[in-house]
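This report concerns only the one structure given below.
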Amino acid sequence: MARTLNKLSARFVQTVSEVGRYSDGGNLYLNVSANGGRRWVLMYRWNGKIHEMGLGSARTVTLARAREKAAEACQAIADRRDPMQARIQERRIPTFGDLADEHIASMEPSWRNPKHREQWRMTLSKYVKPLRALAVDAVAMEHVLGVLRPIWSEKPETASRLRKRIETVLDAARAHGYRTGENRRAGGAPRQAAPSPAQAHPRPPQRSCSTKGRLTSELQREVADPRLCSSNR
């Protein structure tokens, strides 16, 4: 069955405010977050796993450009290249893990306490495994919350320290020109405010049953289709 492409309009992209993920077709989605942010993501399958690739903020990346980026990524997949890894190589953007290790190495001489050095290395390796392989410019709020949520309830102090260390690495990335715009605290709060456990565990956005079911079924159909933006290399 033929798939519908170009579902969204430029007007919709500029005005939509309801939290959710909106499909444009071709595995391209517009993510609208609770803090009002709107960003483009491409969902694709690689080696049997579903990946989410950030394509930029909707404030700076137009709908037409987002479609071009999605098409370029899908072409990379058709050529049996992981588009996220290809972007890292082409732009020479370091991964979060590489930059974290580099930042720790640069700061170690000023840390007199060996335990402090070990804590930094442990937390930025053990707890942030899902982030380490991501290009540092692709790390989004969802990714950070994804590593914080599992430990907020049982180890809130550890979670708070981890959040601050993640933010330090992202600030370093911004200082080096690897990221643009203002970094936000996990949970979407301004940098001067720390998120509470409730912010780290936000309730799912409330939508009508028909809308929620439609978006969920569209996402499942698109990412499950091996013919579209997928590779089982």
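The values are calculated or read from the model by the stated rules, or taken from the named source; none is laboratory data. Predicted model, so just to flag it, every value in this text is computed and none were measured. No Cβ is skipped: glycine too gets one built from the backbone with ideal geometry, and neighbour counts run over all protein chains shown.
Among residues of region 20-36 that are charged (D, E, K, R), those with a beta-carbon under 8 Å from a residue that is part of a strand (DSSP E or B) and at pLDDT 90 or above at least six positions away or on a different chain give the pairs 21/29; 21/30; 21/31; 21/32; 21/41; 24/30.
Screening residue 200 with (1) modelled with pLDDT under 90; (2) within 23 Å of residue 53 (Cβ to Cβ) gives one miss only, at (2). Only one of the numbered conditions (1) hydrophobic (A, V, I, L, M, F, W, C); (2) farther than 14 Å from residue 28 by Cβ; (3) touching a helix residue (DSSP H, G or I) at 6+ places or on another chain (Cβ under 7 Å) is not met by residue 77, and that is (2). Each residue in region 37-55 was checked for being touching a residue at least 12 places away in the same chain (Cβ under 8 Å), over 21 Å from residue 8 (Cβ atoms) and out of contact with any helix residue (DSSP H, G or I) (no Cβ under 8 Å at 6 or more places or on another chain), and 2 of them qualify.
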